[in-house]
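Where a number appears in this text, it was derived from the coordinates with a stated rule and is not lab data. What you are looking at is a predicted structure, and each value in this text was computed from that prediction instead of being measured. Don't worry about glycine lacking a Cβ; one is built from the backbone with ideal geometry, like all the others, and counts go over all protein chains shown.
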Amino acid sequence: MRLPLALDIRAIGYGLATFVAGYIVLSIPTTLVHGSHGTSIGETVWLLVQIGALLVPALAGGVGAYFAPARRVVHGALAGTSGMLLLLLAVAFLAPEYPAAGIPFLVALFALVASLGAILGSYIKSRVGP
């Protein structure tokens with residue numbers, strides 16, 4: 001008997017690993033820009049970090065969708081959203097003063113971005129082939 005929604009953990013894991021690696025890469029310029037408040041290069045790097053923070057879930061969703069054998073968009077959306085949930089759980093654990101009211105909005109926003117990345121990853125996989 002097959003479950004109605006069989007998930008490929010490998011595809012979700014690849015997307016989650018992409019999410020974690022993306023945020024680790026983003027932590028490097030964030031650390032460098034932390035000490036340069038008010039400079040023009042600091043503001044430019046900070047803008048690039050913010051854009052990258054939105055692109056990482058889309059990339060994770062695309063990778064999850066690319067490696068999924070079926071239901072690519074579902075796998076990609078789960079990959080990007082689970083990465084965001086892990087990040088928010090870490091922030092809630094390490095910084096309990098973080099306002100919890102914004103968490104549902106962030107999860108919904110990043111789920112949408114991950115879904116868009118999953119649609120793109122699914123399109124790329126259909127063009128490239130098996």
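Taking label positions 7 Å along the Cα-Cβ direction at both residue 25 and residue 105, the computed distance is 2.9 nm, reported to one decimal. Sequence-ordered 3J(HN,Hα) estimates for segment 56-69 from the Karplus curve with 6.51, -1.76 and 1.60 and θ = phi - 60° stand at 4, x, 5, 5, 5, x, x, 5, x, 6, 5, 8, 7, x Hz, glycine and proline given as x.
Once the Cα-Cα distance is subtracted from the 0.36 nm per residue extended length, the residue 45 to residue 98 segment shows a gain of 16.7 nm. Grouping the Cα pair distances of segment 6-130 into 10 Å bins from zero gives a pair-distance distribution of 15, 37, 31, 13, 3, 0 percent in increasing distance order. Restriction of the trypsin sites (Lys or Arg not before Pro) in segment 1-109 to DSSP coil positions whose beta-carbon has at most 12 other beta-carbons within 10 angstrom yields 2. Pairs of Cα atoms in segment 86-130 fall into 5 Å distance bins, from 0 up to the last occupied one, in shares of 5, 19, 18, 15, 11, 11, 8, 7, 5, 1 percent.
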